[in-house]
Amino acid sequence: MSHLTICPADRPEAATITSDPAVMADWLGEAGVLFERWTTEQPLAADASQEAVIAAYQGSVNRLIDRYEFRSVDVVSLRPDHPQKDELRSRFLNEHTHAEYEVRFFVEGRGLFYLHPDERVFMVLCEQGDLLSVPAGMKHWFDMGENPHFKCIRLFTNPDGWIADVTGDPIAARFPNFDQHLASLA
Ligand SMILES: [Fe+2]
């Protein structure tokens with residue numbers, strides 16, 4: 001189940017947690033982050049093509065394209081048997097920013113976003129059906145866990161702008177990782 005955990009950046013243990021999607025959308029919205037729950041508009045096979053995945057959520061995708069002027073859409077997926085899973089995981093484990101929105105819709109699986117908009121950190125455990133948009137310039141990091149499993153629709157206004165600029169702040173090391181966070185919610 002999707003969860004939002006908010007805590008002071010210097011005290012990860014002092015957490016406020018909700019799993020109510022409407023409350024998650026409210027709290028994230030106040031920090032400038034878009035969170036939505038989407039339902040599929042047509043049945044989707046596990047091995048569906050990129051085109052079929054996007055078509056299954058076409059109405060919601062088009063709404064975002066119209067609202068934010070996204071220029072391209074693609075689908076990315078990762079499974080626990082991927083030979084470069086550790087390298088791919090490590091790429092986003094340190095706090096960074098992008099010059100571009102980071103928009104992810106989870107068609108399958110899950111992942112943990114850590115957003116650092118102010119003196120707080122928002123840990124957003126995204127699962128199937130969740131749309132999260134991290135604003136350009138917002139400090140954040142992402143953990144897909146030791147055994148990554150997700151399929152996501154990504155929307156870009158400019159794919160070239162989607163490069164991670166590392167902040168150099170070691171804050172991520174003070175926080176529970178994906179697997180530890182999941183265990184704490186169990
Ligand atoms: Fe990122």
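The values are calculated or read from the model by the stated rules, or taken from the named source; none is laboratory data. This is a predicted model, so every value here is computed, not measured. Note that each Cβ is placed from the backbone with ideal geometry, even for glycine, and that neighbours are counted across all protein chains shown.
Condition check for Phe92 on (1) surrounded by 17 or more Cβ atoms within 10 Å (Cβ to Cβ); (2) part of a helix (DSSP H, G or I); (3) within 16 Å of the ligand (Cβ to nearest atom): one failure, at (2). Would you call Glu108 of a type outside the set (Ser, Thr, Tyr), within 12 Å of the ligand (Cβ to nearest atom) and not in a helix (DSSP H, G or I)? Criteria not met by Glu108. Residues in segment 76-85 include none that are more than 14 Å from the chain's Cα centre (by Cα), more than 12 Å from the ligand (Cβ to nearest atom) and among the hydroxyl-bearing types (Ser, Thr, Tyr). Looking across segment 144-166 at every residue that is more than 22 Å from Ala48 (Cβ to Cβ), of a type in the set (D, E, K, R) and more than 11 Å from the ligand (Cβ to nearest atom), the one that is modelled with the highest pLDDT is identified as Glu146. Checked against the criterion of being among the hydrophobic types (A, V, I, L, M, F, W, C), more than 12 Å from Val107 (Cα to Cα), more than 19 Å from the chain's Cα centre (by Cα) and modelled with pLDDT of 90 or more, segment 18-37 contains not a single residue that satisfies it. Among the residues of segment 170-180, is there at least one that is surrounded by fewer than 16 Cβ atoms within 10 Å (Cβ to Cβ), touching a residue at least 40 places away in the same chain (Cβ under 8 Å) and within 16 Å of the ligand (Cβ to nearest atom)? Within segment 170-180 (the criterion being surrounded by fewer than 16 Cβ atoms within 10 Å (Cβ to Cβ), touching a residue at least 40 places away in the same chain (Cβ under 8 Å) and within 16 Å of the ligand (Cβ to nearest atom)), the answer is no, since none of the residues qualifies. Just the residues that are more than 24 Å from Ala164 (Cβ to Cβ) and among the β-branched types (Val, Ile, Thr), please, taken from segment 31-60. Of everything in segment 31-60, those that are more than 24 Å from Ala164 (Cβ to Cβ) and among the β-branched types (Val, Ile, Thr) turn out to be Thr39, Thr40, Val53, Ile54. The residue that is farthest from Phe70 (Cα to Cα), among those in segment 128-143 that are of a type in the set (A, V, I, L, M), within 15 Å of the ligand (Cβ to nearest atom) and in contact with a Leu (Cβ under 8 Å, 6 or more places away or on another chain), is Met138.
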